[in-house]
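Asker: Got a structure for you, questions after.
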Amino acid sequence: MAADRITLDPRTLRGLAHPLRVRLLGLLRERGPSTATLLAAQLGQSSAATSYHLRQLALYGFVIDEPARGNNRERWWRAAHRGTTVDHVEPESFGDFEAYLRAVAAQYAARVDRALDEYATRPPQWQRVGTISDWTGQLTPEETKELQADLFAVFERYRRFDLDSPAPEGTARVHVQFQVLPFPEAAPSEAAPSEAGS
């Protein structure tokens, strides 16, 4: 892949804010180069739909041609980046950002379902690893950012999945998903001023 991550701006966010595009990009990142026809079969879509959305992803810089595999009859695509980052969202992009996040959340939920479906057929050494857990904290915005940074730092200590390198013996892909979701409550109404004493 050409680069580690792409940071979304209003233009690129608009190009990715579609559920099928998020799924296509996810498959290319997870499974490597493919064609519109092969991706259509995996996603239960028409090849016309996947071809159109791959061209849109290319227009916005998310996918690129894989010329070594292509020919006159089929075009191969690969992801241009390993991951996506959003640093800041402009107010006019909130709608696109929500559409993008909902597509990502649906993809994460599908991944959890797939892992649960495959649980009973995992090799024994993989049957008792992994978790679906949650915690609730009472944090400030600054503490929330610190927690998020700490969690990122923990994962950085481990070997990253790399399509371009052979997997070391005894390893398997392990997806780490976590959500840091603030639920700010409405500020309690200010106490009514006390009445003057009589």
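Asker: Restricting to DSSP H runs of at least four residues, report the calculated mean residue ellipticity at 222 nm for the chain, -39500 (n - 2.57) per run over all residues, nearest 500 deg cm²/dmol.
Answerer: -13000 deg cm²/dmol
Asker: Given the C-alpha centroids of the stretch 37-113 and the stretch 164-179, what is the distance between them in whole angstrom?
Answerer: For the stretch 37-113 versus the stretch 164-179, the Cα centre distance is 21 Å.
Asker: Report the GluC sites (Glu not before Pro) located in the stretch 93-167 that are in a DSSP loop and have at most 12 other Cβ atoms inside 10 Å of their Cβ, or state none.
Answerer: The qualifying sites are E118.
Asker: Excluding ligands, DNA and RNA, what is the solvent-accessible area per residue of the chain at a probe of 1.4 Å, expressed in Å²?
Answerer: That works out to 73 Å² per residue.
Asker: May I ask for the angle, rounded to the nearest 10°, between helix 47-59 and the longest principal axis of the chain, with both axes built from Cα atoms and the value confined to 0 to 90°?
Answerer: 70
Asker: Continuing with this model, one more query. Using each residue's phi in the stretch 80-85, evaluate 6.51 cos²θ - 1.76 cosθ + 1.60 at θ = phi - 60° and report the 3J(HN,Hα) Karplus result to the nearest Hz, with x for Gly and Pro.
Answerer: Ordered by residue, 3J(HN,Hα) equals 7, 9, 7, x, 10, 10 Hz.
Asker: OK, next. So who's got an amide H within less than 5 Å of the one on A80, skipping anything under 5 residues away but keeping other chains? H placed 1.01 Å off N, in plane.
Answerer: Those qualifying (amide H under 5 Å, at least 5 residues apart or on another chain) are V63, I64.
Asker: If you don't mind, another one. Please sort by residue number the trypsin sites (Lys or Arg not before Pro) in the stretch 79-148 whose DSSP state is loop and whose Cβ has at most 12 other Cβ atoms within 10 Å.
Answerer: Passing both the DSSP loop test and the Cβ count: R128.
Asker: Out of these labelled values of semi-axes √(5λ) of the Cα gyration tensor in Å, (1) 43, 19, 12; (2) 32, 21, 14; (3) 38, 24, 16, which was calculated from the coordinates shown here?
Answerer: (3)
Asker: Using a basic spin-label model with each label point 7 Å from the Cα along Cα→Cβ, how many nm lie between K145 and L59?
Answerer: 3.6
Asker: Among L13, L27, L43, whose mean-square fluctuation peaks in a Gaussian network model of the chain (Cα, cutoff 10 Å)?
Answerer: Result for the chain, Cα springs under 10 Å: L43 fluctuates most.
Asker: Continuing with this model, one more query. For the pair T136 and L163, how long in nm is the line joining their label points, each one 7 Å along Cα→Cβ?
Answerer: It is 4.0 nm.
Asker: How much length is gained on full extension from A41 to R11, taking 0.36 nm per residue of separation minus their Cα-Cα distance?
Answerer: Extra length from A41 to R11 when fully extended: 7.9 nm.
Asker: Could you tell me what percent of the accessible area of the stretch 1-143 is made up of carbon and sulfur, with a 1.4 Å probe and every protein chain present?
Answerer: The value for the stretch 1-143 is 52 percent carbon and sulfur by accessible area.
The values are calculated or read from the model by the stated rules, or taken from the named source; none is laboratory data. Worth saying up front: this structure is predicted, and the values here are computed from it rather than measured. Glycine also receives a Cβ, built like all others from the backbone with ideal geometry; neighbour counts cover every protein chain displayed. Remember, those area values only see protein heavy atoms, side chains included, never the ligands or the DNA or RNA. Shrake-Rupley method; radii C 1.70, N 1.55, O 1.52, S 1.80 Å.
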